[in-house]
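J.: One structure coming up, written as structure tokens, with questions to follow.
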Amino acid sequence: MNIFRFAGDMTHLISIIVLLLKIYATKSCSGISLKTQELYALVFLARYLDLFTDFISVYNTMMKVVFIVSSLSIVWSMRLHPVIKRSYDKELDTFRYYLLVLGSFVLALLIHEKFTVQEVFWAFSIYLEAVAILPQLFLLQRSGNVDNLAAQYVFFLGAYRAFYIFNWIYRYFTKPYFTRWIACVSGLVQTALYADFFYYYFIRVAIGGTVS
Amino acid sequence: SSSVQYHDEL
């Protein structure tokens, strides 16, 4: 464990806490893409198949459980919570995300570390995570100015993967056998997708006003 | 690292 990865995991956790706060403090999920949340739940379920078979550390297992439970509870809130589900922008959240799932799965069948169920699903989860934010970015763009908590959620989510890139650089130079090309390349693509969002976010923060 | 490339990252 290095500081970059720990910082990445913490910013990832913060992004989920910010989202849960927004949803439960305002009893509203306006501006949040349910599709992105469902993709994240799928990412965690596909990636943590080894939850019960590989014990790496208490921290690792605890965080996996937290990510799975929190992502499923966000999907539950947006779909079934009597008050919250009414504020879901159903008519704006129209990204055809099944294409993202299909594309990631096909890519995982082609490019993976080993052709086993666990490894193919791991690669699938890595590719899917890279593009899972697209419905959310699409929704932010369509809903005009973003309310700042939704923007902060996306900001922390982007920061988490950026920290991971530093983690991979650090591990590459400190552990000669470290080859994590699938996660590295996919993580770079994922962070690049946030680039334009970061640009508008910093402009808004720098000059005040709202991002539109 | 061991031959089996287990995933220690989240």
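J.: Looking at region A:175-186, which of its residues are part of a helix (DSSP H, G or I) and either in contact with a Ser or Thr (Cβ under 6 Å, 6 or more places away or on another chain) or without any contact (Cβ under 8 Å) to a residue 60 or more places away in the chain (or both)?
T.: Hits for region A:175-186 are A:Trp181, A:Ala183, A:Cys184, A:Val185.
J.: Would it be correct to say that A:Arg86 is touching a residue at least 60 places away in the same chain (Cβ under 8 Å) and basic (Lys, Arg)?
T.: Details: touching a residue at least 60 places away in the same chain (Cβ under 8 Å): no; basic (Lys, Arg): yes.
So A:Arg86 does not fit the description; no.
J.: When region A:77-123 is examined, which residues are found to be under 18 Å from the mean Cα position of the chain (by Cα), of a type outside the set (A, V, I, L, M, F, W, C) and not in a loop (DSSP other than H, G, I, E, B)?
T.: A:Ser77, A:Tyr98, A:Gly103, A:Ser104
J.: Given the residues A:Ile74, A:Ile56, A:Ile32, A:Ile14, which is the only one that is in a helix (DSSP H, G or I) and either without any contact (Cβ under 8 Å) to a residue 12 or more places away in the chain or crowded, with 19+ Cβ neighbours inside 10 Å (or both)? Working first, answer last.
T.: On the way: A:Ile56 fails: in a helix (DSSP H, G or I); A:Ile32 fails: in a helix (DSSP H, G or I); A:Ile14 fails: either without any contact (Cβ under 8 Å) to a residue 12 or more places away in the chain or crowded, with 19+ Cβ neighbours inside 10 Å (or both).
It is A:Ile74.
J.: When A:Tyr97 is evaluated against the numbered criteria (1) touching a residue at least 40 places away in the same chain (Cβ under 8 Å); (2) surrounded by 15 or more Cβ atoms within 10 Å (Cβ to Cβ); (3) out of contact with any Asp or Glu (no Cβ under 8 Å at 6 or more places or on another chain), which criterion, by number, is the only one it fails?
T.: The number of the failed condition is (3).
J.: Here's a follow-up. Which residues, taken from region A:57-86, are closer than 22 Å to A:Tyr127 by Cβ and within 14 Å of another protein chain (Cβ to nearest Cβ)?
T.: Correct list: A:Asn60, A:Met63, A:Lys64, A:Phe67, A:Ile68, A:Ser70, A:Ser71.
J.: Give the number of residues within region A:150-199 that are more than 14 Å from chain B (Cβ to nearest Cβ), at pLDDT below 90 and surrounded by fewer than 17 Cβ atoms within 10 Å (Cβ to Cβ).
T.: Final tally of qualifying residues: 5.
The values are calculated or read from the model by the stated rules, or taken from the named source; none is laboratory data. Here the structure is a predicted model, which is why all the values come from computation and not from measurement. Note that we place each Cβ from the backbone using ideal geometry, even for glycine, and neighbour counts take in every protein chain shown.
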